[in-house]
1. Once the Cβ-Cβ distance between residue 397 and residue 321 is put in as r, and R0 is 30 Å, what FRET efficiency do you end up with, to the nearest 0.05?
2. Please work out how much length the chain gains when fully extended from residue 420 to residue 55, using 0.36 nm per residue of separation minus the C-alpha to C-alpha distance, in nm with one decimal.
3. How do 424, 247 rank when sorted from fewest to most other Cβ atoms within 10 Å of their own Cβ?
4. Based on the Cβ-Cβ distance from residue 250 to residue 386, what FRET efficiency comes out when R0 is 60 Å, to the nearest 0.05?
5. Per 0.36 nm of contour for each residue apart, how much would the distance between residue 37 and residue 364 grow if the chain were fully extended, relative to their Cα-Cα spacing?
6. With unit charges on the beta carbon (Lys/Arg positive, Asp/Glu negative), name the residue among 366, 342, 380 whose Cα is farthest towards the positive pole of the charge dipole of region 332-382.
7. Taking the Cα-to-Cβ direction at residue 46 and at residue 374 and moving 7 Å from each Cα, how far apart do the two end points lie in nm?
8. Could you please rank 390, 176, placing first whichever residue has the fewest other Cβ atoms within 10 Å of its Cβ?
Amino acid sequence: MRALVLASAAAAVTIVTPAQAQRARRPSLQRQLDAAMALIEAQRQRLDEQAAQIAELRTQVREAQALPSLPPAVAPRQPALAAAQGAAPGVPGDPGAALQPPVQPLERVGQAAPDEDRPIELAVLDGGGSVITRAGQLTGEVQIDYARADRNRAVFRGIELVEAVLVGVFDINESRQDVVTASAALRYGLTNRLEFGVRVPFVHRADTSILAPISGSTPNDAAATIDSSTRGTGIGDIELSARYQLTQGREGVPYLIANLQGVIPTGSDPFAIPRDALGRATRAATGAGFWGISPSITAILPSDPVVLFGTLGYTFNLGKSVNTQIPPVIIDYVDPADAVSGSAGIGISFNQRTTINLGYAHTWAFGTKTRTRLIEPTANWPGTMTSTSRDLQVGRLLFGVTYRVTDRSSINWSVELGATEDATDLRTVLRVPTVLLTGR
């Protein structure tokens, strides 16, 4: 009986080899692989659907931006380069706005290949380097600037007997000039490439010129001191401008803008202001007194997240007859110096609202020609004489900051520090450009 049970148990035992076990697991692995492939295929379909939705949203935004009746918040603007007025926000309620970096209301400097026409202003270039205002847009600007020039020189009048032994009078010539200017400007885009502008300044100027002897060099120092301080307030020289955008700034090509600026001598003429018997001015002039024409070209190269900019120009000043008597001479004719100028710099964007600019500007003014004659001619100087002053090298270090307050307005603050002896010591400018009318 026991033998029969053992035989039955042995018959029930089945020996499973490794190959048989692998064949048994194969259907389970195949099912898992099929499930993973199905999941991957589903994810791919979802990605394709999302890409199609994004493309459709982009098309809708472009169509909306092309409508002339849309409010300014919908109209696209290029990224702010250096000191931009600020980009307009995206379409309100658009669910795809967060998925489209090109149509985000970014103020980043030098966004690669911008597709829209957007005013670009570089604070340190005084509005001379800006991408053209789009057609039909009117921009107003309020500006306040302050300039300070200070000169101190020691003048010796006498005889030098031997080295370091001087017999005579030492004078200190101290001159200061403070100019505060408030101006209003308008810029209008005639087309998407052509813009016209006008600026009207109101000037307050205070000039101080003191010629005083060094203490103890004359018997009566107070009596020998000459104070020629004057002040003047009034309208300055009106500026007219025209700008034409030559290139679109795509595919690594910089924006090129041709500028033409004209100065109309509407301010008080320095040769027509009242003078005393010694020929000294009794009131400071608020204008230059001469017509001027300044053609220039500006290049702006976006290179995210910075922008490179530069301007090269030439100024023609037109001479005129002045017939001004400053004893002992009469000034018949003055031809102000022409000048060649250039500037270059870089703009850096910290965020969507704040941008800084760093740069350098240099102007080389040639000598001014003056034709004079004596009030009482002498044998040594019987007729007229023409003289030319020395040329001037005016270098300035530039720094600017822009903060976009709203989609229509921004605040630009710039500072200029004199880098050469002939330059103004300090000039600071606060500008507030605002879009008054949106473009077509």
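1. Working: r = 38 Å, r/R0 = 1.28.
Efficiency, rounded to the nearest 0.05: 0.20.
2. Working: separation 365, 0.36 × 365 = 131.40 nm, distance 5.55 nm.
Contour length minus Cα-Cα distance gives 125.8 nm.
3. Numbers: 424 16, 247 13.
So the residues, fewest neighbours to most, are 247, 424.
4. Details: r = 52 Å, r/R0 = 0.87.
According to the calculation, E is roughly 0.70.
5. On the way: separation 327, 0.36 × 327 = 117.72 nm, distance 7.30 nm.
Taking residue 37 through residue 364 to full extension adds about 110.4 nm, to one decimal.
6. The listed residue farthest towards the positive side: 342.
7. Going by the 7 Å Cα→Cβ label model, 10.0 nm.
8. 390, 176
A short reminder: the numbers here are calculations on the coordinates, not readings from a lab. Bear in mind the structure is a predicted one, so any value in this text is a computation, not a measurement. FYI the Cβ positions are ideal-geometry reconstructions off the backbone, even for glycines, and counts take in every protein chain you see.
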